[in-house]
Amino acid sequence: MGAIERVLPFVRKPSRYIGHEFNAVEKDWQDAELTVALVFPDMYEIGMSHHGLQILYHILNSHKPFLADRAYAPDIDMEQELRDAGLPLFGLESRRPLGEFDVIGITLPFELCYTNILTVLDLGGIPLRAADRGSSHPLVLGGGSGSFNPEPVAEFFDAILLGDGEEAVVEIAELLRRAKGEGAARGEVLRRLAGVAGVYVPSFFEPRYREDGQLLEIRPLLPGYDRVRRRIVSDLAATPGPFPPLVPLAKIIHDRLGVEIARGCTRGCRFCQAGIIYRPVRERPPALVEEIARLGIDSAGFEELALLSLSTGDYDCLPRLLGRLMDLFVDSHVSVSMPSMRVGTLSEEIMAQIRRVRKTGFTIAPEAGTDRLRRVLNKGITEEDLLETCRAAFSLGWKLMKLYFMFGLPTETEEDVAAIADLAKRALREGRYPAQINVSVATFVPKPHTPFQWEPQISVEEGFARIDLLKKLLPRKGCRLKWHDPRQSFLEGVFSRGDRRLATVIEEAWRNGARFDGWSEHFKLNTWLAAGTACGIDLAGYLRRRGLSEILPWSHLDPGVDDGFIRDELARSVEESYTPDCRVHGCQKCGVCDFKSVQPVVFRKGDFTAQTGTAPAPAATAPASSHYHYRITYSRLDDARFFGHLELLQVFFQAFRRTGLTLHFSQGFNPTPKVSFSPALPVGTESLAEYMDVDLTGPLRDPASVILGLNQTLPAGFAVREISVAPGAGKRTPAKVVTGYRIEIGEELLTPDRRQMLGQFLRCTEYPMTMQRKGRGRQVDIRGPVIEISEQGGNAFLLVLRSEQGKAGVKPMELFAEVLGLSPREAMLARVCKLWWREGE
């Protein structure tokens, strides 16, 4: 058993750490001229849902000299197991320690993951501060939306990319490959990186402060390098998406194929940082979107396709594109969702298409409760727009609408907060019982580079007061209130507009146990307040109003939008003046476009017909009454033993889609394939004798080719062994079963005393044991079910057990642990393999 495998039995969801995702790239380490570990500083479920990391992963691996691997922040239990075992954090594909890579590329997705960055570096054996690293350590690079004020973590990074990475990542990797070959010193490498457009090297800037802590200046230390401008990809049609898509093996937050249809937004909401840092709008041609979607679903096997954009409804070709996609996927039960729909763009035509497979939920964001406050925000929507959207959704059969609001917005009054409840009530009246409105609220956090970057953020106490008001005003029936913890928003606000002095606070809090601050179950504000006190820094001071003439910590980082435009937008917010959408009302002179290399790219409805022609014909299917039942027998060995039962279902459902097997589906809100699996195995148990019964829409003409196809698409460790006609109805799950297991126990554990205990057990006629099931103890005779225990040589045993449906059974290692007196950890390290089963007498 390898070193990593020795810790996996002791952690929750070991499938997070084993790799083997379908479409993952495995290269020869020795052939690579530059090795890169792409790290997402949060758990696997979040990181595997991140579109940008997958794009960079495939771009780098498409170039022969580069090897890109992945890593994610380990959960608390895995971190402890690695530390206890003295093992480093590793790349999923290569299983190499992070410290052996040439480059560690860390995504900066949001502020509350900062302590996870330190966990990753420390477990990788890499000094936390860039200044403490030498020639033997990897370069630590950053990027992502959080890079537009990375100052709180700047001292942990050697360099950070601002903006789009598709083109820049290749330039950076090629520069580092050449520098490695030349044996260039670390300082020289950083100077070269500073010459790449969009790359920020924090060590070449020195912030200076007044005695009261206010920033005095940001002094450039490298001649000619005094401001870093964002990198912009001008044409999405020329950049690849994450293809072929990585297919997770564990259940993740967004378990779907994401297709980016546009980048950037033209709406100009004054609170929205993404609307600034992703300008201008650049759409993908609808023909290309359709092609990416088709190829992605075919190669991945997802059951959901998500059209990604900051405002998907603004894509002019959407109604026609959506119709074509639904025609393409409806018979295979692949749904299409649009996670970001703006009020007024969610038309009845779009809703009618979405409901053809399953009613994926709608979240719409009025942001504020009154039209007045929405004018301050430049939302450009009215209360009637919202009500009309709810009216249409309820009329088409939706029962649930989700509304998102912020509180603590500039110029907000108590009446504005109360209006959130009034608006939710009006929306609820547009539906009929049992219609439901979920109201989600969060504290407004002023973000850098937005018109509200100078505004103050309300305190934690003020945030909870607004939540209490809404609890009082919202009806208990039909409306459900959810809120983001104002304490987490407090810390987000501190980091959002923080400076480099916070690096010491982050390190102090991390050393005192701060982890996964974006997860409410792990977040502890007191840890952060204590860290601030220990470092002599008042965290609440970062939430104050900033002066318009004040030097801001991010003043040397240029998002491409003119500072004058941002200041004018702040003034227009006070006037409640509307800034039109440049998509339809012409250029608003924000400064990001030069109309040569950078300009808006949009497609109109007429462009769609010209590029794509007629819609695809729906796939032919067998009559609904045709049912063909087969039994698929398979094995799961090695790393495949670490999948839970629900993960196992997902693995096979996706494999069926990839190989073109068409199954019957259940009826109802969320149709699922008609598949019946053999009884679930404990996580960590191998098997040579698992099966499932499937209900296909047509007969299998060549089962051998189906076996070959499935085995080519299943993850490592799974293997289909046989396909046969399934037993008749009522015979699929025998009432009595006899099962044979091979059990290997650590040789050092099989002492003479324990072998004697096993012999005594076999001589008994009864052996009572108290087993825990669902939190309750139950006494069971574990000798009766045992037909045979025999040594198979060395430290291996054959165990033959009898079980009966409806009666309490004993798991193989429960039995051995009880009989031999093994500790829980000793028992979990044993290797158990189900060899065969047969119907019992």
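A few comments on the model shown:
- Test: residue in region 643-666 that is out of contact with any Phe, Trp or Tyr (no Cβ under 6 Å at 6 or more places or on another chain) and modelled with pLDDT under 90: yes
- Residues located in region 128-148, provided they are open to solvent by 10 Å² or more (accessible area, probe 1.4 Å) and farther than 29 Å from ALA237 by Cα: LEU128, ARG129, ALA130, ALA131, ASP132, ARG133, GLY134, SER135, SER136, HIS137, LEU139
- Among the residues of this structure, ILE253 counts as one that is aliphatic (A, V, I, L, M) and open to solvent by 60 Å² or more (accessible area, probe 1.4 Å).
- Filter result (in contact with a Gly (Cβ under 8 Å, 6 or more places away or on another chain) and either assigned to a loop (DSSP other than H, G, I, E, B) or open to solvent by 20 Å² or more (accessible area, probe 1.4 Å) (or both)) within region 108-122: LEU108, PRO109, PHE110, GLU111
- Qualifying residue in region 572-589 (condition: open to solvent by less than 40 Å² (accessible area, probe 1.4 Å), acidic (Asp, Glu) and part of a loop (DSSP other than H, G, I, E, B)): yes
- For region 515-522, the count of residues that are of a type in the set (S, T, N, Q), under 19 Å from GLU461 (Cβ atoms) and open to solvent by 10 Å² or more (accessible area, probe 1.4 Å) is nonzero.
- Against the numbered list (1) open to solvent by 20 Å² or more (accessible area, probe 1.4 Å); (2) touching a residue at least 40 places away in the same chain (Cβ under 8 Å); (3) within 33 Å of the chain's Cα centre (by Cα), VAL720 comes up short only at (1).
- Pairs are defined by a Cβ separation below 9 Å, a sequence spacing of at least 6 or placement on different chains, a first member in region 201-225 that is among the acidic types (Asp, Glu), and a second member that is open to solvent by 60 Å² or more (accessible area, probe 1.4 Å) and in a loop (DSSP other than H, G, I, E, B); the pairs so defined are GLU206/LEU221; GLU217/ILE551.
- Taken over region 778-810, the criterion of being surrounded by fewer than 18 Cβ atoms within 10 Å (Cβ to Cβ) and within 23 Å of GLU748 (Cβ to Cβ) is satisfied by SER790, GLU791, GLN792, GLY793, GLY794, ASN795, ALA796, LEU798.
- Residues in region 523-567 that are of a type in the set (Val, Ile, Thr), closer than 29 Å to VAL120 by Cβ and open to solvent by less than 50 Å² (accessible area, probe 1.4 Å): THR527, ILE537.
- Looking only at residues of region 520-557 that are free of Cβ contacts under 8 Å to residues at least 24 places away in the same chain and among the small types (Gly, Ala, Ser), we find that the one that is farthest from ARG497 (Cα to Cα) is ALA530.
- Being exposed (fewer than 15 other Cβ atoms within 10 Å of the Cβ), under 30 Å from ILE707 (Cα atoms), out of contact with any helix residue (DSSP H, G or I) (no Cβ under 9 Å at 6 or more places or on another chain) and at pLDDT below 90 holds for only one residue in GLY730, GLY775, and it is GLY730.
- Just one residue in the set LEU321, LEU307, LEU325, LEU236 is surrounded by 22 or more Cβ atoms within 10 Å (Cβ to Cβ) and touching a Pro at 6+ places or on another chain (Cβ under 6 Å); that residue is LEU321.
- Test: residue in region 420-431 that is free of Cβ contacts under 8 Å to residues at least 24 places away in the same chain and surrounded by fewer than 21 Cβ atoms within 10 Å (Cβ to Cβ): yes
- Within region 1-32, the set of residues being under 24 Å from PHE243 (Cβ atoms) and in contact with a Phe, Trp or Tyr (Cβ under 7 Å, 6 or more places away or on another chain) comprises SER15, ARG16, ILE18, ALA32.
- Residue in region 327-335 that is assigned to a loop (DSSP other than H, G, I, E, B) and not charged (D, E, K, R) present: yes
- Scan region 489-514 for residues that are assigned to a helix (DSSP H, G or I) and either open to solvent by less than 10 Å² (accessible area, probe 1.4 Å) or among the hydroxyl-bearing types (Ser, Thr, Tyr) (or both) and the total you get is 12.
- Candidates ASP42, ASP69: the one that is in a strand (DSSP E or B), of a type outside the set (Val, Ile, Thr), modelled with pLDDT of 95 or more and open to solvent by less than 30 Å² (accessible area, probe 1.4 Å) is ASP69.
- Test result for GLN654, touching a strand residue (DSSP E or B) at 6+ places or on another chain (Cβ under 7 Å), crowded, with 18+ Cβ neighbours inside 10 Å, closer than 23 Å to ILE252 by Cα and not charged (D, E, K, R): yes
- Residue match in region 155-162 (condition: open to solvent by 10 Å² or more (accessible area, probe 1.4 Å) and closer than 30 Å to LYS524 by Cβ): yes
- Some residue of region 171-178 being touching a helix residue (DSSP H, G or I) at 6+ places or on another chain (Cβ under 8 Å), within 22 Å of HIS58 (Cα to Cα) and either in contact (Cβ under 8 Å) with a residue 60 or more places away in the chain or among the hydroxyl-bearing types (Ser, Thr, Tyr) (or both): yes
- Residue in region 451-462 that is touching a Ser or Thr at 6+ places or on another chain (Cβ under 6 Å) and closer than 27 Å to ASN526 by Cβ present: no
- In region 558-587, the residues that are of a type in the set (Val, Ile, Thr) form Cβ pairs under 9 Å with partners that are surrounded by fewer than 18 Cβ atoms within 10 Å (Cβ to Cβ) and part of a helix (DSSP H, G or I), at six or more places apart or across chains, as follows: THR579/ASP568.
- Screening the candidates GLY183, GLY86, GLY125, GLY91 for the property of being open to solvent by less than 10 Å² (accessible area, probe 1.4 Å), among the small types (Gly, Ala, Ser) and over 28 Å from ILE232 (Cα atoms) yields one hit, GLY91.
- For region 387-405, residues that are closer than 25 Å to VAL574 by Cα and surrounded by fewer than 23 Cβ atoms within 10 Å (Cβ to Cβ) total 1.
- Residue identified as open to solvent by 50 Å² or more (accessible area, probe 1.4 Å), more than 24 Å from VAL120 (Cα to Cα) and at pLDDT 95 or above among ARG210, ARG177, ARG192: ARG192
- Close pairs (6 angstrom Cβ cut-off, 6 or more residues apart or separate chains): under 17 Å from VAL683 (Cα atoms) in region 809-821, among the polar types (S, T, N, Q) and surrounded by fewer than 21 Cβ atoms within 10 Å (Cβ to Cβ) anywhere: GLY809/SER803
- Among the residues making up region 384-425, a single one is assigned to a loop (DSSP other than H, G, I, E, B) and acidic (Asp, Glu): GLU412.
- Criterion violated by LEU34 - all others in (1) free of Cβ contacts under 8 Å to residues at least 40 places away in the same chain; (2) farther than 23 Å from LEU714 by Cα satisfied: (1)
The values are calculated or read from the model by the stated rules, or taken from the named source; none is laboratory data. Keep in mind that this is a model prediction, so the values were computed, not measured. As a convention, Cβ positions derive from the backbone with ideal geometry for all residues, glycine included, and neighbour counts pool all protein chains shown. Calculation scope for accessible area: heavy atoms of the full protein, side chains included, ligands and nucleic acids excluded. Shrake-Rupley method; radii C 1.70, N 1.55, O 1.52, S 1.80 Å.
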